[in-house]
1. Show the residues, 5+ positions off or on another chain, whose built amide H is closer than 5 Å to the amide H of ASP195.
2. If you wrap a convex hull around the C-alpha atoms of the range 124-230 and split its volume per residue, what is the figure in Å³?
3. Could you run the Karplus curve 6.51 cos²θ - 1.76 cosθ + 1.60 with θ = phi - 60° over the range 253-262 and give me ³J(HN,Hα) per residue in whole Hz, x for Gly and Pro?
4. Extension gain ASP285-GLU244, at 0.36 nm per residue separation less the Cα-Cα distance, in nm?
5. Taking R0 as 22 Å, what FRET efficiency do you get between THR256 and GLU184 from their Cβ-Cβ distance, rounded to the nearest 0.05?
6. Could you list the GluC sites (Glu not before Pro) in the range 120-161 that lie in coil according to DSSP, counting only those with at most 14 other Cβ atoms within 10 Å of their Cβ?
7. Once you put a point 7 Å from the Cα of ALA113 and another 7 Å from the Cα of LYS8, both along the Cβ direction, what distance in nm separates them?
8. According to a simple spin-label model (label point 7 Å from Cα along Cα-to-Cβ), what is the distance in nm between GLU299 and ALA22?
Amino acid sequence: MFNRKAKKFEALRQAIAADDPALADIGYFGGDKCYEAAHTAIRNNAPKVLAALVKTKSRGFSSAFAFADTREDSKRNARRLLATISAAADPLRLWTILHEANAAAQNEGVRLADRDFLTRAAPADFIQQQLERDPLLFKSCVENIGLAETEKLKFILTLTPKTGDAQIALSGALIKTAGAGDAEKTRLLLDHGADAHYAGGLALTRAVQNGHTPVAAMIRAAAAKAAPPQAATPAAAAAAALVENEALPGGGTLTTVFNFRTRQQHNVLATPDGTKLMTTVSFKDIDKDVIAAAQKRYEEQGRQGAADGLAAKSIVKKLKGAGLA
């Protein structure tokens, strides 16, 4: 038995070296062994053997693309294979083989989403192919690849689709680069259509909150060139609101209003130069623990609160001062 298994593995080694799947009993290798063999085929740039391995049925799964006994382990192993491909001599061909095998897998439980193939290691040609096939993958390309590497962001931005979804993707990414203080990526996003007013100007809020003054100035300048969208003014349902003010490191203040009647959080950023920007977020998009803590602080101050300054008239005054009412 041992000699038979050893011969199988030796035949596989020779098949990988020659990139000739006919030299080995490919169907013999399933699950973990198939995964290990696929790794070796990638490292030795043996695309024909790799293609044969990922098309082989094994261990009761519909395809050997299921590289383990559990769905999560299979997906984890498949992602590791993708990471290995980046160092191969012909990454595009190997990447395409795995992508096609994944699409052909009948077991949806082990199939990766297309966005899972759009990682930092993805070849540029593959990224372009996927965006031409499905422009809705642009958001995944920007977030998974572009935000991690400036040069790849530059490349992805040359492929920006002419759709409203693309601008939303760019504007969402702008919030992240602004919060991180990445001036180069922020400039690239603004130059390619990111909206400085998106989500009530949250990118500027993040930059100021984190003390990234140059990035904040860049976003403020971009915002000044374009008229902001008309934001809805929250109703002054102030008898059920918690108002808190915070001085920011770079100057200015951040006023946070938890409106328990409308179930919204309003954030008003007042910058040192007098500019005011507001964002509104639904409670359903905020961590429940954050809401619970705010509710507790509100209750501690008193629902009827005339004595501690949280009566309706006092809150309305605070909301007006923050530009919310």
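Bear in mind that the values in this text are calculations on the coordinates, not laboratory data. Remember, predicted model here, so these are calculated numbers, not experimental data. Note that we place each Cβ from the backbone using ideal geometry, even for glycine, and neighbour counts take in every protein chain shown.
1. SER171
2. 85 Å³
3. Couplings: 9, 10, 9, 10, 10, 9, 9, 6, 7, 8 Hz.
4. 12.8 nm is the gain from fully extending ASP285 to GLU244.
5. Result of the calculation: an efficiency of 0.10.
6. GLU149
7. 3.6 nm
8. 7.6 nm
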